[in-house]
Amino acid sequence: MDISESIGMALKTLSANRLRSLLTVLGIIIGNASVIAMIGVGQGAQRYTTEQLQALGTNLLFIFPSTGDARRGSQRGGNTLMLSDAEAIARQIPSVRDVAPQISGQQLITYLGNATRTSVIGTTASYSVVRNTPVKDGRFLTPADVDTQGLVVALGAQLAQNLFGDRSPLGERIQINNISFEVVGVMAEKGASSGGNQDEAAYIPISTMATLIAGRTSPQGISVNSISVSALDEASVDIALYQITNLLRVRHQITGADDFTVRNQQETLDAANNVTGALTILLASTAGISLLVGGIGIMNIMLASVTERTSEIGLRKAVGASQTDVLQQFLIEAVILALTGGVIGTVLGVGAVVIVGIYTPLQATVSVEAIALAVGVSGGIGLFFGVFPARRAARLDPIEALRSL
């Protein structure tokens, strides 16, 4: 028998038991759909994370106070990062374009009957440029606001919507920690990034935040939570990191471990991609277990088929069919079952990825290579798990098989 004849007979045999064939391939369908969906969603999550971090700029550096032994060994004790450090970086580091120190904390914001607890960020006029947060209406903070401890605030887009609805908040007054602030600007929509949703934040002068809201003043100056720095360009990031580290070590009189941490935006991006990539592999591997279960199901049903078709095997061998012919027949049936399940599962998986891409921010897509791999693996599973039943059928003694007639 040639291959085409064997395929034709396999299709007739499987179509004669449609329900059983469908139930047999169900595990392959679920496994393939799950693997493709998980890969597509995982790749979409990676792209979304990358875009969100790159939107901040690839030339960004973030400086944070360290904790533990480094802080205790610092000449400054607990306050290891100061506003004066940010001013020194802006003044003395030639590879730096802009510097934005920040003091942040959760505060209650009220307007008439509306109240919400959200993030309040005390910063300087450079924040909008450094963190790439453009203003939609009005203006952002100015150097004069910082110098005079101005009672002004710029609202994130979602916060403005929550407090004022569709009305313009410009010129209105809101209460932050029971202190009245004038709304001077509304930021453009930015979304969640770097651990928080900037659309729900309020921005006030860092001097006002330190003296009236957070109480971050001390004899050494104003302590800050972090400092955002933008280098001249992407090529200057490593140089800026080196120069900032040296400057802060001199200013803090450090001889041992640093009492601060400087993070590269690219390092953050790489770490985020590693995490999402690992989660994608984990989820796809978990979903792949369904393929294994589906393969076992194929082997089980093929063994049952061998038992049911013992007389057929005996007749075929009696009229001249070789062991190879019988082996080929049952292998083809197993592969057809697996490939059919693979194709149906692929269609369902791609459909799920398309729906996720439409209704979520994730740009979920599946490459042709991933689809080909999934279908190929399905066929391989059918071949692998079909070998044992096929060999069992091929080794049946024709005389013993004919006795079952």
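The values are calculated or read from the model by the stated rules, or taken from the named source; none is laboratory data. Keep in mind the model is a prediction, meaning the values are calculated, not measured. A quick note on method: Cβ atoms are made from the backbone with ideal geometry, for glycine too, and the neighbour counts reach across all protein chains shown. Quick note on the areas: whole protein, heavy atoms, side chains included, nothing else; ligands and nucleic acids left out. Shrake-Rupley method; radii C 1.70, N 1.55, O 1.52, S 1.80 Å.
3J(HN,Hα) along region 151-168, derived from phi through the Karplus expression 6.51 cos²θ - 1.76 cosθ + 1.60 where θ = phi - 60°, amounts to 8, 10, 8, 10, 9, x, 4, 5, 5, 4, 5, 5, 7, 10, x, 8, 6, 6 Hz, with x in place of Gly and Pro. Per 0.36 nm of contour for each residue apart, how much would the distance between F388 and D325 grow if the chain were fully extended, relative to their Cα-Cα spacing? My answer for the length gained is 21.2 nm. If the chain between A115 and A188 were fully stretched, how many nm would it gain, using 0.36 nm times the residue separation less the Cα-Cα distance? Difference between extended and current length: 24.1 nm.
Amide H to amide H distances under 5 Å link R97 with S230, A231, L232, where only residues 5 or more positions off or on other chains count and H is placed in the peptide plane. DSSP assigns beta bridges within region 143-208; of those with both partners inside it, close to 65 percent run antiparallel.
Heavy-atom accessible surface of region 344-384, averaged per residue, reaches 57 Å², computed with a 1.4 Å probe.
For region 23-38, 3J(HN,Hα) computed residue by residue from phi via the Karplus equation (6.51, -1.76, 1.60; θ = phi - 60°) reads 5, 5, 8, 4, x, 5, 4, 5, x, 5, 4, 5, 4, 5, 5, 5 Hz, glycine and proline entered as x. Estimated from helices alone, the mean residue ellipticity of the chain at 222 nm is -18000 deg cm²/dmol (sum of -39500 (n - 2.57) over DSSP H runs with n ≥ 4, per residue). In this view, the solvent-accessible surface of V366, computed with a 1.4 Å probe and all protein chains in place, comes to about 40 Å². Carbon-plus-sulfur accessible fraction, region 344-392 (probe radius 1.4 Å, protein heavy atoms only): 78%.
Stretching the chain fully between D238 and K12 yields a gain of 74.6 nm (0.36 nm per residue, less the alpha carbon separation). With θ taken as phi - 60° and the Karplus curve 6.51 cos²θ - 1.76 cosθ + 1.60 applied, the whole-hertz 3J(HN,Hα) list for region 289-305 is 4, 4, 5, 4, 4, x, x, 5, x, 5, 4, 5, 6, 5, 5, 5, 5 Hz, x standing for glycine and proline. Around the amide H of I109, modelled in the peptide plane, lie the amide H atoms of T116, R117, T118, all under 5 Å away and 5 or more residues distant in sequence or on another chain. With a Förster radius of 22 Å applied to the beta-carbon distance between I358 and T268, the computed FRET efficiency rounds to 0.15. The overall shape of the chain, judged from the alpha-carbon gyration tensor, is prolate: a/c is not under 1.5, and a/b is greater than b/c. Counting only DSSP beta bridges with both residues in the chain, the antiparallel share comes to about 85 percent. For S226, the residues 5 or more places off, or on other chains, whose built amide H falls under 5 Å of its own are Q102. The apolar share of the surface of region 89-247, taken as the fraction of accessible area on carbon and sulfur atoms (1.4 Å probe, ligands and nucleic acids excluded), comes to 47 percent. The solvent-accessible area of M187, taken with every protein chain present and a 1.4 Å probe, is close to 10 Å².
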